[in-house]
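Working notes, beginning with the structure itself.
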Amino acid sequence: MGSMFRSEEVCLVQLFLQSSSAYNCVSELGELGLVEFRDLNPNVNSFQRKFVGEVRRCQELEKTFTFLEQEINRSLLPPFHGPIPCPNPLAPQPRELLTIEEESERLARELKEVSRNRDGLRTQLIQLSQYKGVLTQTHSLTASQTSQPHRAMSSITDSSIFSQILIGMLNFLFVAGVVHPWKVPSFERLLWRACRGYIVVNFREMEEQLEHPETGEMVQWTVFLISYWGDQIGQKVKKICDCFHTQVFAYPDSPTEREEILQGLQGRIEDIKSVLFQTEQFLQQMLVRAVVVLPQWKVRVQKSKAVQAVLNLCSPSVTDKCLIAEAWCPVSKLPELQSALREGGSGSGVDSFYNRLPCSTPPPTLFPTNSFTAGFQNIVDAYGVASYREVNPAVYTIITFPFLFAVMFGDVGHGLLMSLAALWMVLEEKDPKLRNNTNEIWRMMFGGRYLILLMGLFSVYTGAIYNECFSRGLSPFSSGWHVGPMFENEEWNATITFLINNFLSLDPNITGVFTGPYPFGIDPVWGMSNNHLTFLNSYKMKMSVIIGVIHMTFGVCLAFFNYIHFNQLSSVFLVLIPELFFMLCLFGYLVFMVIFKWLAFDTTHSNSAPSILIHFIDMFLFTENKDNPPLYGGQVVVQKVLVVLALCSVPVLLLGKPIHQYITHRRKHRHMVRNCVVCVLSGRDFDAADAFMHQAIHTIEYCLGCISNTASYLRLWALSLAHAQLSEVLWEMVLHNALTWQGNMGSVILFLFFFVFAVLTVSILLVMEGLSAFLHALRLHWVEFQNKFYSGTGYKLNPFSFSSLIHDSSAL
């Protein structure tokens with residue numbers, strides 16, 4: 001918990017890596033994920049660094065691996081579903097990397113050749129099958145068309161000139177092929193318009209579907225047969241066929257030739273199928289081998305590339321016998337760092353070592369998290385990463401965030417549904433299907449499963465306090481209000497009272513009517529009262545103010561730990577204490593009045609209870625309202641003193657810190673002059689105008705923020721009221737109406753209406769209202785709570801780790 005409250009101590013180390021063992025040392029550090037390397041060559045172009053050749057070599061290998069993955073996804077049968085298993089081998093040595101390069105290139109080259117042969121065989125098989133379909137489908141058509149000219153010529157003498165002309169006109173020529181079925185209407189229309197009816201076109205669908213050579217989809221190709229006469233018409237037909245990218249085949253005039261070609265096609269198709277089957281088997285064997293070795297190759301090349309990239313950040317020594325690197329490392333991990341350097345340099349004659357360096361720049365921030373705390377830390381980091389050794393709000397966000405959410409979302413039923421959904425994600429968190437899901441919304445919800453679980457459990461708690469379960473009240477205990485004494489004391493008449501009054505009032509001053517407060521939460525009898533909403537509004541509004549003031553005051557108090565840790569004791573007296581005085585003297589007193597009124601005025605004195613709002617207004621006006629009785633004796637004097645203290649804290653907050661900084665600077669300057677120390681930049685060390693301006697902005701922001709932020713916490717009341725009213729409206733308009741139906745039809749109606757009720761409950765009340773309450777709770781933490789003590793101007797420690805690199809690449 002100590003490292004969660006404040007960042008782990010991080011130091012800057014200088015690593016001396018022997019040239020022969022630098023690769024192994026960096027590889028060991030990558031396996032452990034200890035340090036974050038700094039770039040010692042910021043002015044050197046990335047293409048001019050020492051190990052850029054090795055990095056390019058790894059990039060070329062990654063391109064080869066990408067080709068292999070594409071071939072696996074395209075051609076492996078059965079298809080490989082799910083992510084490729086990712087092993088965790090060590091980074092390869094240069095000789096091993098050369099072996100991987102040779103084997104991967106040879107495998108890629110063979111795959112290219114076999115795939116090209118397979119694709120060529122498939123294309124030939126498709127074309128031959130199309131040719132066969134053309135001859136089969138058009139055989140009957142050509143037989144009928146060629147018989148008609150012979151019958152026409154039998155009645156004409158061979159010696160007439162007319163017969164010669166007619167023979168030429170009736171000597172049909174053919175163009176046959178296949179066209180995509182989507183192109184048939186436009187293809188037919190263009191043929192008719194261009195050839196002006198001097199052709200006969202026939203279309204028929206093929207009996208079997210064939211693969212499209214370009215897209216790979218299965219298509220029911222359409223066979224066309226165009227009968228024409230004349231060379232000019234034939235040229236037009238062929239040009240149109242080319243424009244529509246049809247597949248045209250040679251079409252003999254003689255039926256005998258067509259039969260011979262058809263028989264030859266059948267034999268060639270069988271031969272190609274046999275060769276294609278053997279080629280496919282050989283390709284599958286190669287793909288299976290690639291699936292086995294590819295994951296390991298990818299991980300090893302990624303590690304080698306990462307190591308070479310880190311070595312590019314190092315600078316060579318003067319003698320060029322070692323590499324010098326600088327890195328951020330947690331102080332608690334320094335022994336592991338030394339052992340990693342010793343392990344990496346075990347094969348060389350000289351061990352690598354490190355030195356701690358002083359650093360003027362603030363170190364990075366490191367908060368070790370687990371699956372439970374990661375979601376809460378991400379909420380804080382989204383606002384800003386904590387400065388080095390600054391108090392971390394995530395420790396308190398674990399409790400305060402679900403609680404504030406639950407105040408706005410309080411409902412036992414809705415909280416149980418949310419808790420069950422989150423509990424399922426928690427119990428199944430090791431399921432690879434859930435962890436490796438690439439949906440962004442799902443990954444966000446799955447990462448915050450523990451946060452959602454706590455939000456649901458806290459909602460059950462606040463819903464029990466509100467006594468609401470799907471907008472209905474619960475009665476686990478007996479009510480503190482009783483009707484019997486009203487009849488016993490003759491306040492009510494059993495006949496007359498119910499006839500002349502629509503609403504009945506219970507008098508708590510009558511003995512036995514009110515026996516005491518409800519044991520836990522709100523009494524369920526309020527759910528039946530007509531002033532139910534008025535009572536809950538008053539209760540939730542005051543509760544929101546109390547929670548808001550406590551939350552903000554706690555945030556101001558947390559600044560104490562920052563001031564003490566950074567040795568800013570003056571800020572405790574000149575900033576923290578004035579801020580507390582301003583907050584507590586005004587809004588802390590408001591909370592005191594609310595609680596005091598609850599405790600001091602019971603049911604017998606409820607009619608004489610004063611108005612807290614009027615008292616609070618009179619407090620600022622230094623007046624006394626005779627119509628509003630005081631809460632206690634001497635209230636006016638106490639209020640005047642508190643307002644004066646709050647006003648006096650403002651100039652202290654405004655001027656105290658800049659004046660103290662100016663006096664401290666002058667004192668240091670005199671000491672330097674007395675000791676004859678020349679400081680050229682002494683005039684630039686302190687800018688009084690800048691200090692006063694900065695503190696003035698802070699004072700105005702804080703004083704106005706105390707008012708606006710306190711009002712901002714009223715969103716707890718507003719959203720809680722909205723959630724309760726939406727839930728009640730949904731009950732009254734959907735499920736309540738279904739319960740009024742009787743008989744068998746009533747069961748059917750109830751089933752249908754319950755389905756609608758469940759869908760609307762999940763979509764509106766759980767998802768939409770839950771998201772709204774989440775965003776408002778997020779704003780209360782970022783603006784109202786964290787700005788009291790949290791700067792969030794740091795940056796994360798991103799250690800060089802192979803596991804994070806591999807995880808990020810697999811996520812892409």
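Every number in this text was worked out from the coordinates using simple rules, so none of it is lab data. Keep in mind it's a predicted model, so treat the numbers as computed, not measured. Cβ atoms come from the backbone with ideal geometry, glycine included; neighbour counts cover every protein chain shown.
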Query raised in the report: Tell me which aspartates and glutamates have Cα within less than 15 Å of Lys50's Cα, excluding those fewer than 8 residues away on the same chain?
Result: Asp39, Asp320
Requested in this report: Hey, can you grab everything whose amide H is under 5 Å from the amide H of Phe353? Only 5+ residues off in sequence or another chain; H modelled, so Pro and N-termini drop out.
Outcome: Phe16
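Grab the DSSP H runs of the chain that are 4 residues or longer, score each as -39,500 (n - 2.57), total them, divide by all residues and round the 222 nm result to the nearest 500 deg cm²/dmol.
Per the formula, -19500 deg cm²/dmol.
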Query - Given 16 as the ceiling on other Cβ atoms within 10 Å, longest exposed-site-free region of the chain for GluC sites (Glu not before Pro) in DSSP loops - result: 218-427
Report task. Can you tell me the 0 to 90 degree angle between the C-alpha axis of helix 449-466 and the longest principal axis of the chain, rounded to 10? Result -> 50 degrees
Requested in this report: Enumerate the aspartates and glutamates that Lys640 could reach by cross-link, defined here as Cα to Cα under 18 Å, with residues fewer than 8 away along the same chain left out.
Outcome: Asp618, Glu624
**Report entry** Calculated SAXS-style log₁₀ I(q)/I(0) at q = 0.11 Å⁻¹ - region 532-682, Debye, Cα scatterers
**Finding:** -0.61
Requested in this report: Work through the residues other than Val55 whose Cβ is under 12 Å from its Cβ and net out their charges, Lys, Arg +1 and Asp, Glu -1.
Outcome: +2
Query - Cα long-axis angle, helix 184-195 against the chain (0 to 90 degrees, to the nearest 10) - result: 50 degrees
Report task. Obtain the radius of gyration and the Kirkwood radius of the chain from its C-alpha atoms and give Rg over Rh. Result -> 1.17
**Report entry** For Cys11, distant residues with modelled amide H under 5 Å away
**Finding:** Cys329, Val331
Query raised in the report: Angle between the Cα long axis of helix 412-427 and the longest principal axis of the chain, 0 to 90 degrees, nearest 10?
Result: 60 degrees
Report summary line: Summing +1 per Lys or Arg and -1 per Asp or Glu among the other residues with Cβ less than 15 Å from Trp731's Cβ gives -4
Query raised in the report: What number comes out for the charge environment of Gln266, summing +1 per Lys or Arg and -1 per Asp or Glu over other residues with Cβ under 12 Å away?
Result: -1
